[in-house]
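Visitor: Structure below; questions to follow.
The values are calculated or read from the model by the stated rules, or taken from the named source; none is laboratory data. In this text the structure is predicted, and so the values were computed from the model without any measurement. Here the Cβ positions follow ideal geometry from the backbone for every residue, glycine too, while neighbour counts run over all protein chains shown. Only protein heavy atoms, including side chains, enter the accessible area calculation; ligands, DNA and RNA are left aside. Shrake-Rupley method; radii C 1.70, N 1.55, O 1.52, S 1.80 Å.
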Amino acid sequence: MTVERVETITVALPTLRDFAVAGGGVTARGRPPIRVLVKVTASDGSTGWGEATPIPSWTYETTESIVSTLTHYLAPAATGLPLWDLDGLVVACDRTIRRGWSTGMPLARAALDVAWHDALARSRGVSLGELWGRRRHDTVDRCWIATGDDAGALAESVAEGQAHGYRHFKIKTGLVPGQDETGEVARVAAVREAAPTPA
């Protein structure tokens, strides 16, 4: 069984609010961010999906560079390889986009890698967790990222997450310009107070 086709699809996702990491903005309300989906199709008809999130404030890869790398370099190198040959995929990617100071287009490669694993698991009729021998649960609890510059805003963000059924919360630190360690600790404490350890 071999890989017959690797496709890239760009999708604009709706954004409900602004979101940032320490490096800068990730999403802005009203401006749908672009995600790059990768679909791997094997000769037995099995398909797998992966995704790359271009965030220029976090990595050098953009929507255009991810699509170009996948379409013109990685997809041709991967097509025709045995689906079971995960090491062969890594070697093909390394030969096509050489490692430099970084992995060499890590987001594009990761999207292809995840899609490849997904297709392999589906071809065997199992989940990725089962393929890896790691499945221990039938469900996965998701995590809500609490946002806000002060305790009140953070509490509101946690309450919104709780209203959507989230029980686990995290917070990004280092986002408020000039805020010292004491201020960051206070923000984390505010989330902890609004979202005590779940039962």
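Visitor: Within the stretch 39-54, is there a residue that is within 25 Å of ASP18 (Cα to Cα), surrounded by 15 or more Cβ atoms within 10 Å (Cβ to Cβ), in contact with a Pro (Cβ under 9 Å, 6 or more places away or on another chain) and not hydrophobic (A, V, I, L, M, F, W, C)?
Guide: Checking the stretch 39-54: at least one residue is within 25 Å of ASP18 (Cα to Cα), surrounded by 15 or more Cβ atoms within 10 Å (Cβ to Cβ), in contact with a Pro (Cβ under 9 Å, 6 or more places away or on another chain) and not hydrophobic (A, V, I, L, M, F, W, C).
Visitor: Also, quick follow-up: Which pairs do you get when a residue that is without any contact (Cβ under 8 Å) to a residue 40 or more places away in the chain, found in the stretch 124-141, comes within reach of a residue that is among the hydroxyl-bearing types (Ser, Thr, Tyr) and not in a helix (DSSP H, G or I), reach meaning Cβ atoms under 7 angstrom, with the pair 6+ apart or on two chains?
Guide: Listed pairs, sorted by first residue: ARG135/SER127.
Visitor: Quick one: LYS170 ticks every box in (1) open to solvent by less than 40 Å² (accessible area, probe 1.4 Å); (2) not in a helix (DSSP H, G or I) bar one, so which box is it?
Guide: (1)
Visitor: Could I ask something else about it? What about SER127, is it open to solvent by less than 60 Å² (accessible area, probe 1.4 Å) and more than 30 Å from PHE19 (Cα to Cα)?
Guide: yes
Visitor: In the set ALA153, ALA195, ALA159, ALA163, which member is more than 30 Å from VAL67 (Cα to Cα), open to solvent by 70 Å² or more (accessible area, probe 1.4 Å) and not polar (S, T, N, Q)?
Guide: Within the list ALA153, ALA195, ALA159, ALA163, the selection yields ALA163.
Visitor: Which pairs do you get when a residue that is at negative phi, found in the stretch 49-62, comes within reach of a residue that is open to solvent by 20 Å² or more (accessible area, probe 1.4 Å) and polar (S, T, N, Q), reach meaning Cβ atoms under 6 angstrom, with the pair 6+ apart or on two chains?
Guide: Correct list of pairs: PRO54/THR62; PRO54/THR63; PRO56/THR62.
Visitor: Taking THR79 as the residue in question, decide whether it is more than 19 Å from the chain's Cα centre (by Cα) and either exposed (fewer than 14 other Cβ atoms within 10 Å of the Cβ) or within 14 Å of VAL3 (Cβ to Cβ) (or both).
Guide: yes
Visitor: Please tell me if ASP113 is in contact (Cβ under 8 Å) with a residue 60 or more places away in the chain, open to solvent by 40 Å² or more (accessible area, probe 1.4 Å), under 20 Å from SER127 (Cβ atoms) and under 17 Å from the mean Cα position of the chain (by Cα).
Guide: Taking the combined requirement at face value, the residue satisfies it.
Visitor: So, one more: Kindly indicate the residue of the stretch 83-101 that is in contact (Cβ under 8 Å) with a residue 24 or more places away in the chain and open to solvent by 40 Å² or more (accessible area, probe 1.4 Å) and also farthest from VAL67 (Cα to Cα) among those meeting that condition.
Guide: Going through the qualifying residues, I end up with TRP84.
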